[in-house]
Amino acid sequence: MAATLEIRDLHVSIDGNPILKGVNLTISQGETHALMGPNGSGKSTLAYALMGHPAYTVDRGEVIFDGIDILELEADERSRLGLFLAFQYPVSVPGVTVANFLRSAINARMKAEDPDSPGISIPEFRRLLKEKMDLLGIDHKFAGRYLNEGFSGGEKKRNEVLQLATLEPKIGILDETDSGLDIDALRVVAEGVNKLKGPNLGILIITHYKRMLEYLQPQFVHMMMDGRIVESGGPELAEELELHGYRPFFEKYGIEATED
Ligand code: ADP
Ligand code: MG
């Protein structure tokens with residue numbers, strides 16, 4: 001059966017300030033969802049809360065993944081269950097290459113499924129990594145780069161998409177950077193995700209770029225405003241945003257406009 005991530009009435013605060021005010025969203029394996037919304041609406045807060053970031057306090061609600069309430073779990077336990085959460089600001093890890101990192105992540109996941117698992121062998125890992133880099137059009141040299149050390153925005157995104165491809169999560173959540181993505185980085189994410197789409201992968205892509213949706217063609221589009229998902233629909237919602245921006249929705253929901 002397809003795994004499902006079910007976010008129910010999620011309320012999250014930061015330092016006592018309520019940010020998410022009742023988010024409901026269900027994502028299943030095989031589905032592509034886009035979460036849009038103006039700056040400051042709470043999109044990244046949702047990603048951090050799902051990741052289990054300690055600064056984000058869950059005040060109410062539940063998040064059920066594959067039948068398990070993940071809010072009780074540590075971040076690494078969430079990822080071992082098959083939930084992939086890319087960090088919005090990937091930290092640099094000195095002395096660890098892209099390949100080292102991926103291999104330990106795969107091993108951790110295999111050991112979580114079977115404590116006696118010897119992990120992935122080096123030849124098997126090399127084959128897997130090569131296959132995924134070829135699929136995504138990533139230069140093989142990239143695997144030897146030190147994680148995030150001097151990565152450009154596009155390289156950070158390439159790394160995320162490569163992680164998504166090799167870890168083969170059931171559900172992946174990708175948040176854009178606040179500083180924004182250049183066209184190259186945007187294309188890396190969109191083309192990579194397009195290649196990885198399939199019945200075993202559910203995706204939530206968080207973006208305020210309408211351009212991303214043109215590349216990605218998600219089946220489901222959601223719009224967040226002031227800590228809630230106020231509209232959900234299909235590609236027509238993205239088209240409406242393309243035509244009129246967020247302004248009509250600010251008026252409709254009586255929310256003070258931050259920016260368009
Ligand atoms: P988005 O990703 O949609 O642009 P965020 O989730 O980053 O929005 O932010 C939602 C709100 O939470 C904003 O008003 C922002 O100022 C506030 N916020 C985000 N991070 C923090 C933080 N670390 N401390 C206090 N307030 C924060
Ligand atoms: Mg954000």
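Descriptive notes on the structure:
- Residue match in region 153-171 (condition: under 29 Å from Lys21 (Cα atoms), in a loop (DSSP other than H, G, I, E, B), within 15 Å of ligand 2 (Cβ to nearest atom) and touching a residue at least 40 places away in the same chain (Cβ under 8 Å)): no
- Top-ranked residue in region 203-239 [being open to solvent by 80 Å² or more (accessible area, probe 1.4 Å) and of a type in the set (Asp, Glu); ranked as farthest from ligand 2 (Cβ to nearest atom)]: Glu236
- In region 41-62, the residues that are in contact (Cβ under 8 Å) with a residue 12 or more places away in the chain and farther than 15 Å from Lys21 by Cα form Cβ pairs under 8 Å with partners that are in a loop (DSSP other than H, G, I, E, B) and of a type in the set (D, E, K, R), at six or more places apart or across chains, as follows: Gly52/Glu74; Ala55/Asp15.
- Every listed requirement among (1) farther than 29 Å from Arg211 by Cα; (2) away from ligand 1 (no atom under 16 Å from the Cβ); (3) in contact (Cβ under 8 Å) with a residue 12 or more places away in the chain is met by Asp69 save one, (3).
- Residue match in region 164-180 (condition: open to solvent by less than 60 Å² (accessible area, probe 1.4 Å), touching a strand residue (DSSP E or B) at 6+ places or on another chain (Cβ under 8 Å) and under 19 Å from Lys130 (Cβ atoms)): yes
- Under the condition of being near ligand 1 (Cβ under 9 Å from one of its atoms) and more than 17 Å from the chain's Cα centre (by Cα), the residues counted in region 14-38 number 6.
- The strands (runs of 3 or more DSSP E) found entirely in region 1-115 that carry 3 or more residues being buried (at least 20 other Cβ atoms within 10 Å of the Cβ) and not hydroxyl-bearing (Ser, Thr, Tyr) are 4-14, 17-28, 32-36, 83-85.
- Set side by side, the residues Val12, Val98, Val58, Val93 differ, and just one is among the β-branched types (Val, Ile, Thr) and either on the phi > 0 side of the Ramachandran plot or modelled with pLDDT under 90 (or both), which is Val93.
The values are calculated or read from the model by the stated rules, or taken from the named source; none is laboratory data. Given the structure is predicted, the values throughout are model-derived calculations rather than measurements. Heads up, the Cβs are rebuilt from the backbone with ideal geometry, glycines too, and the neighbour counts pull from every protein chain shown. For the accessible areas, the whole protein counts, side chains as well, though only heavy atoms, and no ligand, DNA or RNA atoms are used. Shrake-Rupley method; radii C 1.70, N 1.55, O 1.52, S 1.80 Å.
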